[in-house]
Amino acid sequence: MGYDEFELDDVKHGILRENKPMISSNFKPFKKDDNRLKLVFPQDLRALLLFKEDSMPPMELKYFSVDNLDKELDDFCAKFISNHVCIDSVENDITLNNVFKIYMKDFGGSVNDVIRWIAKFTKVIADVD
């Protein structure tokens, strides 16, 4: 990334989260005159599932190919949701992984917004609202 210095949180919150403040802060990672702002691109919510949060067990390091990135991220999200989101269609209940709670604002701000996003990657959720 050139000669600019980056900490992991700069990449995570500055680049991948579209220069949004860390959850525990009100300050954006990159200020208006920061040269690294040119690396910020529109947020892809699928990247949030790659974040290892303190309360989560260790995750296997993932590699994605440039040529097949969209499909590989979609497949990763579907697998993550299958393994880390508990959907009980009998009781009409859902238990979200902590990453959805931590970054709920990124997903739209409400539980229904998160569920709508999750529904793109699973056939178990039929109707939200």
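So here's what we get for this one:
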{"item": "The chain: angle of helix 69-84 to the longest principal axis, Cα-based, in degrees nearest 10", "result": "50"}
{"item": "Reachable lysines from Lys123, criterion Cα separation under 22 angstrom, eight or more residues apart if same chain", "result": "Lys71, Lys79, Lys101"}
{"item": "Chymotrypsin sites (Phe, Trp or Tyr not before Pro) within region 53-123: DSSP coil, no more than 10 neighbouring Cβ in 10 Å", "result": "Tyr63"}
{"item": "Reach of Lys32 by Cα under 19 Å, taken over aspartates and glutamates that are not fewer than 8 positions away in the same chain", "result": "Asp4, Glu5, Glu7, Asp9, Asp10, Glu18"}
{"item": "At most 16 other Cβ within 10 Å, DSSP loop - GluC sites (Glu not before Pro), region 25-126", "result": "Glu53, Glu60, Glu91"}
{"item": "Neighbour-count order for Ile87, Ile118, Ile23, fewest beta carbons within 10 angstrom listed first", "result": "Ile23, Ile87, Ile118"}
{"item": "The chain - mean residue ellipticity at 222 nm from DSSP helices (-39,500 (n - 2.57) per run, n ≥ 4, rounded to 500)", "result": "-7500 deg cm²/dmol"}
{"item": "Burial ordering of Asp74, Asp106, Asp93, Asp113, fewest other beta-carbon atoms within 10 Å first", "result": "Asp93, Asp74, Asp113, Asp106"}
{"item": "Semi-axis lengths, Å, region 50-119, gyration tensor of Cα atoms, sqrt of 5 times eigenvalues", "result": "22, 15, 13"}
{"item": "Estimated inter-spin distance, Lys32 and Lys71, nm [label 7 Å along Cα→Cβ]", "result": "4.5"}
{"item": "Simple label model, 7 Å out from Cα along Cβ direction - Asp93 to Lys62, nm", "result": "2.8"}
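Quick note: the coordinates plus some simple rules give every number you see, no bench work behind them. Since this is a predicted model, take the numbers as computed values, not measurements. All Cβ positions, even for glycine, are placed from backbone atoms using ideal geometry, and neighbour counts span all protein chains on display.
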